[in-house]
Amino acid sequence: ERALALEARNRDLADRQDYEVELATLAERARIAREIHDNVGHQLTRASLQAEALRVVHADEPGVAADFADVKRTVDEALQLVRASVHALNDNAVDLSVQLERIVEGTRSDGGPQIELEVMAEHAPANVANCFAAVLREALSNTIRHACAQTVTVRCMEHPSFYQLIVTDDGVGEVQASGRGTAEGMGLASMRERIEALGGTFTAGPRAGAGGWRVFATVPKQQGDEGR
């Protein structure tokens with residue numbers, strides 16, 4: 001039991017470290033994007049306006065006006081490229097389905113139960129995607145080590161106001177499922193903390209009347225993302 005607890009703790013620490021590194025990376029990307037937008041973007045916009053003003057001033061000189069028009073066109077193209085780069089750099093959405101599929105494929109390659117995955121939420125904020133990925137990784141690990149399950153079903157859905165992750169298995173008997181909950185207290189606590197840190201709700205326990213285990217998590221969308 002001590003070895004299992006230490007293993008779970010080490011895994012949780014590694015996941016948390018990866019999560020914090022990801023958050024720090026996103027924060028730095030956002031900072032760089034703001035710097036480019038505020039400084040380079042502003043200067044290019046100013047240059048474009050100056051080129052247009054000079055083109056108007058020299059309207060009676062077709063050759064000079066044409067040169068300034070070319071300069072303005074080049075500056076505008078550069079501005080569009082900068083804006084596209086800033087949007088790409090500041091994009092905090094990730095492909096949630098790809099993350100979950102990688103976890104499932106990695107679990108399948110290690111043997112174990114059959115896993116059915118359905119994702120109806122292609123994109124989600126990075127913090128939600130990373131959180132769901134960590135919860136799924138822990139849930140599958142618990143299932144493989146303790147559930148003696150034949151089938152695991154993973155459903156991830158996007159609703160108008162929240163994201164939802166449900167992981168169920170057909171593990172043997174409620175007694176074993178209850179014991180699993182006791183043995184995996186640290187893992188369950190870690191999953192709960194991750195979900196609740198995003199303002200979500202988390203439950204895990206035996207499936208009433210069906211046997212096996214069920215992990216249920218929802219995370220609300222941030223303001224401005226509802227109904228997307």
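The values are calculated or read from the model by the stated rules, or taken from the named source; none is laboratory data. Quick caveat: nothing in here was measured; it's all calculated off a predicted structure. Ideal geometry is used to build each Cβ from the backbone, glycine not excepted, and the neighbour counts take in all protein chains shown.
Listed values, structure above:
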quantity: Yes/no for residue 12 being closer than 18 Å to residue 129 by Cβ and either surrounded by 12 or more Cβ atoms within 10 Å (Cβ to Cβ) or within 33 Å of the chain's Cα centre (by Cα) (or both); calculated: no
quantity: Verdict on residue 118 being modelled with pLDDT of 90 or more and not β-branched (Val, Ile, Thr); calculated: yes
quantity: Check on residue 199, modelled with pLDDT of 85 or more, exposed (fewer than 15 other Cβ atoms within 10 Å of the Cβ) and in a loop (DSSP other than H, G, I, E, B); calculated: yes
quantity: Total residues in the range 31-56, condition exposed (fewer than 15 other Cβ atoms within 10 Å of the Cβ) and more than 30 Å from residue 67 (Cα to Cα); calculated: 4
quantity: Leading residue by the ranking (nearest to the chain's Cα centre (by Cα)) among those in the range 15-50 that are of a type in the set (Gly, Ala, Ser) and within 14 Å of residue 78 (Cβ to Cβ); calculated: 41
quantity: Unique match (being closer than 30 Å to residue 193 by Cβ, at pLDDT 85 or above, assigned to a helix (DSSP H, G or I) and among the small types (Gly, Ala, Ser)) among 3, 24; calculated: 3
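Let's see how each residue does on (1) at pLDDT 80 or above; (2) more than 30 Å from residue 190 (Cα to Cα):
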| position | (1), (2) |
| --- | --- |
| 30 | no, no |
| 35 | yes, yes |
| 41 | yes, yes |
| 69 | yes, yes |
| 81 | yes, yes |
| 93 | no, no |
| 106 | yes, no |
